[in-house]
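Trainee: If you scroll down you'll find the structure; I have some questions about it.
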Amino acid sequence: FIQTSSKMADSDETAQDAGPTPPQMLTLPDGTSLPALADGEYDVIILGTGLKECIISGILSVDGKKVLHMDRNDYYGGESASVNLNQLFEKFKAGTPPSALGSSRDYNIDLQPKFLMANGKLVKMLVLTGVNKYLEFKQVDGSYVLKDGKINKVPATDTEALSTPLVGFFEKRRLRSFVMYVQDYEVDKPTTHKGYDLNKLTAKELFDKFGLEKGTIDFIGHALALYDSDFYLSQPALELVDRCKLYGESLARYGLSIPEVVFCFLSSEQIRQVAVSLSVIWSR
């Protein structure tokens with residue numbers, strides 16, 4: 001009798017530890033019944049499988065949170081997804097892909113291709129969550145601009161500034177001074193500011209301080225800082241310096257002989273898929 005009671009008590013404790021049985025069906029206010037998607041209680045519910053959502057899912061899971069991650073589409077990524085051929089034609093309502101294009105599964109098309117700065121926050125997050133172990137990356141050979149019908153490498157160091165054919169002899173010196181200022185600049189070290197308050201000084205005013213020509217400003221703003229318009233010229237110069245500094249640091253992270261930018265060899269969707277898989281593993 002004592003043994004049986006003990007077993008019954010153990011059984012009751014196990015049932016209590018397991019928690020309430022999740023419902024099989026849910027009834028909406030209009031009376032519609034739908035099967036329950038969740039199988040228990042969760043710390044976090046994330047809707048959508050964009051890059052940010054997948055990275056957050058992975059980070060929270062590694063931190064010990066139980067995550068429910070959902071998406072209304074049958075593929076990852078929403079507007080920044082990587083899709084096969086059938087999904088591409090369906091998304092843009094283009095009918096059925098011609099058979100001459102081959103199997104739909106042979107295609108993995110990025111709707112918004114992305115490059116990753118080697119010293120950027122995204123790469124650091126991939127390393128933090130361990131996602132980088134399951135991905136294959138390829139280094140970009142370099143960044144180049146077209147000027148006067150010739151393709152030239154974008155100078156990112158003080159040495160390259162003195163040898164680049166993109167600017168004239170005297171402009172080389174001014175460009176080198178600007179690059180060295182960016183390299184040395186640290187927000188928490190006023191001695192590196194050279195008296196410039198970059199929260200008040202605009203990007204245009206900072207360029208004027210170094211006497212840089214318009215052509216030089218163009219490739220710094222668009223090839224180094226990667227702005228897609230000239231709007232930044234009227235904004236505080238701190239972001240410009242941060243962007244240029246990130247470019248230079250990414251180059252230096254693996255040595256000058258290795259390119260500064262990398263991209264996921266298969267597609268950006270692979271980053272999302274691995275992050276979500278990591279979430280599944282850690283949420284168990």
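Trainee: Between beta-carbons, use under 13 Å as the cut-off and find the net charge around Q235, counting Lys and Arg +1, Asp and Glu -1. Spell out each step's value before the answer.
Mentor: Numbers: positive: K200, K204, R243; negative: E205, D230, E239, D242.
With Lys, Arg at +1 and Asp, Glu at -1, the net is -1.
Trainee: Moving to a separate point now. Hey, what's the Cα Rg ratio for region 37-185 versus the globular rule of thumb, 2.2 N^0.38 Å? Display every interim value, and only then the final one.
Mentor: On the way: Rg = 22.4 Å, N = 149, 2.2 N^0.38 = 14.7 Å.
So the Cα radius of gyration is 1.52 times the expected 2.2 N^0.38 Å.
Trainee: Output wanted: per-residue J couplings in Hz (rounded whole) for region 234-239, from phi through Karplus 6.51 cos²θ - 1.76 cosθ + 1.60, θ = phi - 60°, x for Gly and Pro.
Mentor: 9, 9, x, 6, 4, 5
Trainee: When the convex hull of the C-alpha atoms of region 58-106 is computed, what volume per residue in Å³ does it have? Walk me through the numbers on the way to the answer.
Mentor: Working: hull volume 4.7 nm³, N = 49.
Hull volume normalised by residue count: 96 Å³.
Trainee: Related question: Using a Cα-Cα cut-off of under 23 Å, which lysines could be cross-linked to K209, ignoring same-chain neighbours fewer than 8 residues away?
Mentor: K172, K189, K194, K200, K245
Trainee: Starting from the 7 Å offset along Cα-to-Cβ, what nm value, one decimal, do you get for the label separation of S99 and D228?
Mentor: Going from the S99 label point to the D228 one covers 3.9 nm.
Trainee: Sticking with this structure for a sec: If you count, for each residue, the other Cβ atoms within 10 Å and average over each peptide, how do 187-199, 227-239, 111-123, 166-178 line up from highest to lowest?
Mentor: Numbers: 187-199: 11.2, 227-239: 14.4, 111-123: 16.0, 166-178: 17.6.
Packing order, densest peptide first, comes out as 166-178, 111-123, 227-239, 187-199.
Bear in mind that the values in this text are calculations on the coordinates, not laboratory data. All values reported here derive from a predicted model rather than from experimental measurement. No Cβ is skipped: glycine too gets one built from the backbone with ideal geometry, and neighbour counts run over all protein chains shown.
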